[in-house]
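The values are calculated or read from the model by the stated rules, or taken from the named source; none is laboratory data. Here the structure is a predicted model, which means the values were calculated and not measured. So basically every Cβ, Gly included, is an ideal-geometry build from the backbone, and we count neighbours across all protein chains shown. Side chains are part of the model used for accessible areas, which takes the heavy atoms of the whole protein and leaves out ligands, DNA and RNA. Shrake-Rupley method; radii C 1.70, N 1.55, O 1.52, S 1.80 Å.
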Amino acid sequence: MNPLTSIPGTIISGFVLAIVIVFALGPTGVNALEIAVWAHVLVGITWIGLLYYFNFVQVPAVGAALKDQGGPGPAGINKYVAPRALLWFRWAAVATWLTGAAALAHLHILQPAFTFEGFSFATSISVIGIGAWLGTIMLFNVWVLIWPNQQKILGMKQASPEEIAAAKMVALMASRTNTLLSIPMLMCMTAFAHNLPF
């Protein structure tokens, strides 16, 4: 049986391979911090990857499909792709935030990061704190602005044509805001992880 013929088989095989690599390299012991950071990166890539997919691929594709007279239209994307992508998107956002908070807690800097080291902005903890706050704003946008409005756009909730038009603008602007915020957020996360000075 080929594990690559299914998504669960592929994911399980990826985790098995990761565990084999850990043991092959002769670990001195895997700790909770390493697991939290690894999980944070894994689910963070899923979240931001889907954010970029929506902004760089799906939104322009739906726009092109709407303009294509006599073409298939955007129904396939809106019916089959968008709901599934939004499911992964919103739960990856939650998982990213939770695993990030867990990593900060294991480093004993959760509170100092979110208060910018007592509002001093004097240490690298402040850098990751900025990234954590940007990620928190992005999580808020996903659940409070993007998801409820996407439900109207995709017909999952009753809405008038005027409400749908307004929902499209709110969802688009929140998604574009998250794309904008992701750039400095990722800079802050990698700067802290690699001790880059600012």
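Each residue in region 137-159 was checked for being closer than 18 Å to R176 by Cβ, open to solvent by 30 Å² or more (accessible area, probe 1.4 Å) and among the polar types (S, T, N, Q), and 1 of them qualify. Inside region 106-130, can you point out the residues that are in contact with a Ser or Thr (Cβ under 9 Å, 6 or more places away or on another chain), buried (at least 18 other Cβ atoms within 10 Å of the Cβ) and either modelled with pLDDT of 95 or more or of a type in the set (S, T, N, Q) (or both)? S126 - this is the single residue of region 106-130 that is in contact with a Ser or Thr (Cβ under 9 Å, 6 or more places away or on another chain), buried (at least 18 other Cβ atoms within 10 Å of the Cβ) and either modelled with pLDDT of 95 or more or of a type in the set (S, T, N, Q) (or both). Identification of helices (runs of 4 or more DSSP H) wholly contained in region 1-120 with 3 or more residues that are among the aliphatic types (A, V, I, L, M) yields 7-24, 32-53, 59-67, 82-106.
Just to check your reading of the model, which residue among I77, I35, I45, I11 is surrounded by 14 or more Cβ atoms within 10 Å (Cβ to Cβ), under 24 Å from L139 (Cβ atoms) and among the β-branched types (V, I, T)? Steps first, answer last, please.
Values: I77 fails: under 24 Å from L139 (Cβ atoms); I45 fails: surrounded by 14 or more Cβ atoms within 10 Å (Cβ to Cβ); I11 fails: surrounded by 14 or more Cβ atoms within 10 Å (Cβ to Cβ).
Unique residue meeting the criteria: I35.
Within region 16-42, track down each residue that is at pLDDT 90 or above and closer than 30 Å to L181 by Cα. Those that are at pLDDT 90 or above and closer than 30 Å to L181 by Cα: A36, V37, W38, A39, H40, V41, L42. Within region 43-61, can one find any residue that is modelled with pLDDT under 90, more than 15 Å from the chain's Cα centre (by Cα) and over 18 Å from N149 (Cβ atoms)? So far as region 43-61 goes, no, none of its residues is modelled with pLDDT under 90, more than 15 Å from the chain's Cα centre (by Cα) and over 18 Å from N149 (Cβ atoms). Residues that are touching a residue at least 24 places away in the same chain (Cβ under 8 Å), more than 16 Å from L154 (Cα to Cα) and among the aliphatic types (A, V, I, L, M) within region 67-100 comprise A92, A93, V94, A95, listed in sequence order.
Among all positions in region 83-94, there is at least one residue which is over 23 Å from L33 (Cβ atoms), small (G, A, S) and open to solvent by less than 30 Å² (accessible area, probe 1.4 Å).
Taking the condition modelled with pLDDT of 95 or more, assigned to a helix (DSSP H, G or I) and among the small types (G, A, S), does S175 pass? So that I can check it myself, show each step before the final result.
Working: modelled with pLDDT of 95 or more: yes; assigned to a helix (DSSP H, G or I): yes; among the small types (G, A, S): yes.
So S175 passes the test.
Give the residues of region 101-116 that are farther than 12 Å from A132 by Cβ and either without any contact (Cβ under 8 Å) to a residue 60 or more places away in the chain or touching a strand residue (DSSP E or B) at 6+ places or on another chain (Cβ under 6 Å) (or both), sorted by residue number. The answer is H108, and nothing else.
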